[in-house]
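Worksheet: the structure to be examined is printed underneath.
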Amino acid sequence: MFELIKARLGHGYQAIPDPLKAKINEAFPGLPRILSPDREIFSNAAEICPCKAIEGLSIDLGKCNFCGECQRLYPDTFRFDPDFRMASQTREGLIVRWQEDKLSSSVPVVKPDPALAKLFGRSLALRNVSAGGCNACELELGACSNVNFDMGRYGVDVVASPRHSDALIITGPITENMAIALKETWEAIPEPKLLILCGACAISGGVFAESSALDRSFLVDHPVSLYIPGCPAHPLSIIHAICSLLGRVK
Ligand code: SF4
Ligand code: SF4
């Protein structure tokens, strides 16, 4: 018995004190910054980008898989900061652009939604549909509820049944084989409900975007409340995005 207590005390306090302000490992390739608007370099980088995320003087975070190749080849033009705050309420908001007037690149933001905060600010149950992804986004979503990240402290939990949930969070590029399951899960969630896309695959198809095995028609007539980039999305990105939407980030 005493050995068990000793072992437990030895574990110490493992939860990150405040995931919304946490410092992330310096090596983490998060929010990209455009350091200079060199069109020739952008054009060369677009050629080598495996996700077609570079276009004009912009990087589409909804497509990028954060491979770091553009930064490795052109460090004076691209820099990926260890910043996990990359989500947006709009698809357009995920496009990081060079802003000539500000001599810097734009930054995605999630603004608190007072109506959603009133409904779900104290409790939000998420149901995940893994729609053909590689399982890494699902693992990171699962990690949000572990002892380190402890998303439950904000009243946000992943639940097993769509009937007990308030939001559908999709991971994976949405394959034909998952299209019906996705639709039925959405229909089983009671109103009011939110739709969240987590990871490059869910947002744009990611590296599978051109596959003929996808059926992304579900997204045509279902409005999305939150886009969370990453490949996979980091637990801190997921927690920060949801808490920002629900007005939990000061
Ligand atoms: S880090 Fe993103 S933008 Fe750069 S090459 Fe890789 S996928 Fe493309
Ligand atoms: S976005 Fe990346 S990590 Fe997530 S399911 Fe797709 S390939 Fe896997």
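Restricting the first member to the stretch 136-152 and to residues that are touching a residue at least 12 places away in the same chain (Cβ under 8 Å), and the second to residues that are within 16 Å of ligand 1 (Cβ to nearest atom) and not hydrophobic (A, V, I, L, M, F, W, C), the beta-carbon pairs closer than 6 Å and six or more apart or on different chains are Ala136/Pro232; Cys137/Gly199; Cys137/Pro232; Glu140/Pro232.
Out of all the residues in the stretch 91-100, is one or more among the acidic types (Asp, Glu) and in contact (Cβ under 8 Å) with a residue 60 or more places away in the chain? Yes. Filtering the stretch 172-215 to residues that are buried (at least 21 other Cβ atoms within 10 Å of the Cβ) and in a helix (DSSP H, G or I) leaves Met178, Leu182, Ala200, Cys201, Ala202, Ile203, Ser204, Gly206. Going by the conditions given, is Arg33 within 15 Å of ligand 1 (Cβ to nearest atom), basic (Lys, Arg) and farther than 26 Å from Pro173 by Cβ? Answer is yes for this residue.
Which of the residues that make up the stretch 53-73 are aliphatic (A, V, I, L, M) and not in a loop (DSSP other than H, G, I, E, B)? I'd like the intermediate steps shown before the answer.
Of the residues in the stretch 53-73, the ones aliphatic (A, V, I, L, M) are 53-54, 57, 59, 61, 73.
Ile54, Ile59, Leu73 - these are the residues of the stretch 53-73 that are aliphatic (A, V, I, L, M) and not in a loop (DSSP other than H, G, I, E, B).
The single condition from (1) among the small types (Gly, Ala, Ser); (2) under 22 Å from Gly142 (Cα atoms); (3) away from ligand 1 (no atom under 16 Å from the Cβ) that Ser237 fails is (3). Total residues in the stretch 7-40 satisfying the condition of being modelled with pLDDT of 90 or more, in a helix (DSSP H, G or I) and not acidic (Asp, Glu): the figure is 1. Applying the set (1) assigned to a helix (DSSP H, G or I); (2) within 22 Å of Leu94 (Cα to Cα); (3) within 16 Å of ligand 2 (Cβ to nearest atom) to Leu139 leaves exactly one unmet item: (2). Applying a threshold of 6 Å to beta carbon distances and a minimum spacing of six or more residues, or different chains, the list of pairs starting in the stretch 205-232 at a residue that is assigned by TED's automatic domain parsing to the domain that holds Lys193 and of a type in the set (D, E, K, R) and ending at one that is buried (at least 20 other Cβ atoms within 10 Å of the Cβ) and at pLDDT 95 or above reads Arg216/Ile174.
From the list Asp83, Asp113, the lone residue that is buried (at least 18 other Cβ atoms within 10 Å of the Cβ), under 17 Å from Ile242 (Cα atoms), of a type in the set (D, E, K, R) and away from ligand 2 (no atom under 16 Å from the Cβ) is Asp113.
The values are calculated or read from the model by the stated rules, or taken from the named source; none is laboratory data. The structure displayed is predicted, hence computed values, not measured ones. Cβ coordinates were reconstructed from backbone atoms using ideal geometry, including for glycine residues, and neighbour counts include every protein chain displayed.
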